[in-house]
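The values are calculated or read from the model by the stated rules, or taken from the named source; none is laboratory data. Since this is a predicted model, take the numbers as computed values, not measurements. Cβ: placed from backbone, ideal geometry, glycine included. Neighbour counts: every protein chain shown.
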Amino acid sequence: MPKTLLRAASAILLTLAALNVPTAHADDGAPVAITVNTRAALSGVPGTGIGANHAIWDAHLGSDETADLLKDAGVQLLRYPGGSYSDIYHWADHTAPGGYVAPNTDFDTFMAGARRTGAQPMVTANYGTGTAEEAAGWVRYANVTKGYGVKYWEIGNENYGNGHYGAAWEADNHADKSPAEYARHVVAYADAMKAVDPTIKIGAVLTTPANWPDAIKAEGDEGSWNEVVLSAAGSKIDFVILHWYPGALDRTGHVPDMIQLTREQLARHAGPGAERIGIAMTEFNTGSSSNGTNTQPGALAAADAYATLLANGVFTVEWWNVHNGIGTVTEVEGHTDYGDFGLLSSAACTADGSVCEPAFNTPFAPYYALQMVGEFARPGDQFVRAAADRPAVSAHAARRPDGDLAVLMINTSRDTSYAASIDYEGYTPAAGAPTVLTHTNGATSIASATGGSATSQVLPPLSLTTIVLKPATSRTGPGAPDRPTASAVTDTTATITWPRATAGDRPIAKYEIHRQHGAVTEQLGETSGTSFTVRNLRPGTRYTVNVIARDTGGGLSWSSPPLTLTTKAPATSSCSVRLSVQSDWASGYVGALDITNTGAPIDGWTLDFAWPRSWQSLGSGWSAAWTQDGQAVKAVSEPGNGSLATGASTTIGFVGNYSGPNVLPSVFTLNGRVCATH
């Protein structure tokens, strides 16, 4: 969205949290322990991962200087014509009624800049005030007339912000502003646009889990925005669109659940073949102008978020924005923060002229964060698990096809340099000093040197550090197995199956199945075949597993892509529980629990469950005595509903609060017995 709308929307959408950058009270001398585990593979690194937004109110979007700076930053995808302006923009005559269109910002100028950058384009077709025919004409001009080969096409921008849920910032001339109407037009747009070029990819707008208006069901709708859009248009789309302005610099812990919940919605509502649908984060910014938007804390948060989103399978993340403009001016960690959501300076001044940004196109700190992520994780690499044992430090790792391993370490402490002790699982680095890339507070470039060792590095305060390691041996091991699948999933078992891997210079002896526990893995079993039934699993639990091939000499393959599955509740039990969400307001919900006794009669009962995440809590409850201890929740019967004959039921209710992705509880015990759920 443009800067004028960004601030208005942020006031509605975001509850800005205070900066919570952890710091060490004192360096106790003990090193930070970082674990890198190549047996715990995540997603592959895409060729479109590092992106940015261009807007038609930026007269420099096509300039050579801007394009070259973006190329140097490693930008791989550029989005046009710019957030909310997309829903008022008409490409054929290059107008945006009600908005400002700068000179030298037409589509051909944008494409010239994108090509000079070496970035793929993503175009947002006008849904709010446009038509399917207009969008199809744009595809024809771009890919038939001009031969630009634009692959990615979004249908609208933040169209849930059209007033249907109360807040209105997105233009929408349709009389019906419901998700059903948007979905109907997505189908029409997709049909018209793919009739011109069937190779293009069509994206539909979704709400981001735990971000307004996610999960809200408006009057007259069959479900939430995502449920309705995916049910009606899922068969016509190729990717879905999320936007995220977290409003704080410490929210990357929300990302795995955010993306997993989106995948679960796709699987539940988008119809057969939903696994083909990609996820794009086409607008991202820290959304925290008072806490370091364009200074080093914002850069650290940007690098952490980009790496985490891409490792969880998002195929592109677009920073908002290339140029954006001055906002609230503050001092952050010894430097002036201009409250500018851009990667590059706009050379703007405050209204009274008292403060001006640096020279035009001067890179801000997040620019170097994107550059560092591009150096750390290259297309064709594979993210693997990494973790640190102190909250002030985060770690990421990526394994390269040639066997090299890159480790990105982020020190958010404002005043403490940490010695890092790095341990490797499933990988043996070569001896000698690695290449070390570093960006520190206030630096205007990424420094490159050779120093330290594979197992020992010093992390300066407020810094990004990447080390690139060589493997101890270059022998060719087995090829990685392809992504496994799960079948026959019960409460305690699941059958994992995978394609046979390609042998290296020695025959494959066996396959190992590993479960991820953060950066630690647990081997669940091994087999010489390509299928294995895992037993002794816990009911209602999410598992992420990888398969690794081992040859007759002990050589290991890369890990397979990850498989995530969730076990079920017991098929039969002496009790059953049904959780239904009665209403949801994107930060809390009313839940109803229908409890049925399917065993012997009971006189008095206790229902126990746990919140899956630390950001969930009990607001209130009724028809039982409710308590919470940590993440554990207990509901004890009252005199009027404690006696349950065989087959008898009772209903209790609660308000659940959440400040991150709302993973619903799925395991309930009644008087100590795990219940079936339905």
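Below are the figures for this structure:
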quantity: Verdict on Thr412 being closer than 23 Å to Tyr306 by Cα, in contact with a helix residue (DSSP H, G or I) (Cβ under 9 Å, 6 or more places away or on another chain), of a type outside the set (Phe, Trp, Tyr) and exposed (fewer than 15 other Cβ atoms within 10 Å of the Cβ); calculated: no
quantity: Candidates Asn324, Asn361, Asn312 - the one that is touching a strand residue (DSSP E or B) at 6+ places or on another chain (Cβ under 6 Å) and within 28 Å of Asn157 (Cα to Cα); calculated: Asn361
quantity: Residue match in segment 617-630 (condition: within 28 Å of the chain's Cα centre (by Cα) and part of a loop (DSSP other than H, G, I, E, B)); calculated: yes
quantity: Lone qualifier among Ala135, Ala142 - being of a type outside the set (Ser, Thr, Tyr), buried (at least 24 other Cβ atoms within 10 Å of the Cβ) and closer than 19 Å to Ser86 by Cα; calculated: Ala135
quantity: Listing of strands (runs of 3 or more DSSP E) fully contained in segment 247-356 that carry 1 or more residues being outside the structural domain of Asp72 (by TED's automatic domain parsing); calculated: none
quantity: Subset of segment 279-293 that is over 16 Å from Asn321 (Cβ atoms) and buried (at least 19 other Cβ atoms within 10 Å of the Cβ) - its residue that is modelled with the lowest pLDDT; calculated: Asn291
quantity: Search result, residues across segment 294-330 that are farther than 16 Å from Ile50 by Cα, polar (S, T, N, Q) and either surrounded by 24 or more Cβ atoms within 10 Å (Cβ to Cβ) or in contact (Cβ under 8 Å) with a residue 60 or more places away in the chain (or both); calculated: Asn294, Thr295, Gln296, Asn324
quantity: Neighbours by Cβ (under 9 Å, 6+ apart or cross-chain): first from segment 526-545, in the same structural domain as Pro612 (by TED's automatic domain parsing); second at pLDDT below 95; calculated: none
quantity: Out of Ile259, Ile200, Ile237, sole residue that is under 22 Å from Trp320 (Cα atoms) and at pLDDT 95 or above; calculated: Ile259
quantity: Subset tally (residues that are out of contact with any Cys (no Cβ under 6 Å at 6 or more places or on another chain) and either closer than 27 Å to Gly223 by Cα or part of a strand (DSSP E or B) (or both)) for segment 555-596; calculated: 27
quantity: Qualifying residue in segment 233-246 (condition: assigned to a helix (DSSP H, G or I) and surrounded by 20 or more Cβ atoms within 10 Å (Cβ to Cβ)); calculated: yes
quantity: Of all residues making up segment 619-678, the number that are free of Cβ contacts under 8 Å to residues at least 24 places away in the same chain, within 28 Å of Leu261 (Cα to Cα) and either polar (S, T, N, Q) or touching a helix residue (DSSP H, G or I) at 6+ places or on another chain (Cβ under 9 Å) (or both); calculated: 3
quantity: Matching residues in segment 350-365 - criterion: being over 28 Å from the mean Cα position of the chain (by Cα), on the phi < 0 side of the Ramachandran plot and not β-branched (Val, Ile, Thr); calculated: Ala351, Asp352, Ser354, Cys356, Glu357, Pro358, Ala359, Phe360
quantity: Residues (at pLDDT below 95 and either farther than 14 Å from Pro484 by Cβ or part of a loop (DSSP other than H, G, I, E, B) (or both)) located in segment 508-522; calculated: His517, Gly518, Ala519, Val520, Thr521, Glu522
